[in-house]
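Report on the structure given below.
Just so it is clear, none of the values below were taken in a lab; they were calculated from the coordinates. The structure displayed is predicted, hence computed values, not measured ones. Every residue, glycine as well, gets a Cβ built from its backbone with ideal geometry; the counts of neighbours run over all protein chains shown.
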Amino acid sequence: MAVHHAHWLPHRDKTVPPADQPCDLAGRDGFTLAAARVVAGARLIMSFVFLWAFLDKTFGFGYATPPARAWINGGSPTMGFLGRVNVGPMESTFHNWAGAAWADWLFMLGLLGIGLALLGGIALRLTAICGTIMLVLMWAAEWPPAKHLSDGSPSMSTNPVVDYHIVYAVLLIVLAAVGAGNTWGLGRVWASLPLVRNHAWLR
């Protein structure tokens, strides 16, 4: 007696590569083409967040950074933010870091590296780790759990736990988890490199 495949049973589309092989999101794990494009769009938007911060602090476009305080004009990218920290358990630590050459270079290279990786859709796992560390430190500098600043004035915190730094960090993790670089990016090419194929954490 011949056994026929039951139409109600789930089956795998053989045209879709296994999850550990690089492929576009569309058609895999329930992702539609529209969903893959939305995720890719979110990745590109996040890249602009980091790249704009790098460019504005480097050249001083007059938004958050005036030209006189631009990095190329001798300004410190960390002095303005870390030097004004006035709340949280790491307040004195951030004051010590503010303006240090190593902190300036590490911060700016982090912004540039994360922004370029998101733009190209490469190394998203490593980007998620580095970006999350940076964003958590920035969260600690603002310390949303505090109701009052060190001088006793209201902190005006809108949420004691989740602010935009946390949202950005979660988004970075999501982008890495779903392989958002494979759509409108170089994720598939990057994943096919021998070094990256042998070290999954580089994807």
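When mean projected area of the Cα convex hull in nm² is calculated directly from the model, which label among [x] 12.9; [y] 16.3; [z] 10.9 fits? Answer by label: [y]. How would you classify segment 84-136 from its alpha-carbon gyration tensor, with a ≥ b ≥ c the square roots of the eigenvalues: rounded for a/c under 1.5, else prolate if a/b is greater than b/c, otherwise oblate? Cα axes put segment 84-136 in the prolate bin. Label-to-label distance for Ser150 and Met90 is 1.5 nm, based on points extended 7 Å past Cα in the beta-carbon direction.
Can you compute the helix-only [θ] at 222 nm over the chain? Use -39500 (n - 2.57) per DSSP H run of at least 4 residues, normalise by all residues, nearest 500 deg cm²/dmol. Present the calculation step by step, with values, prior to reporting the outcome.
Values: 8 runs with 101 residues, N = 203.
The per-residue figure over the chain is -15500 deg cm²/dmol.
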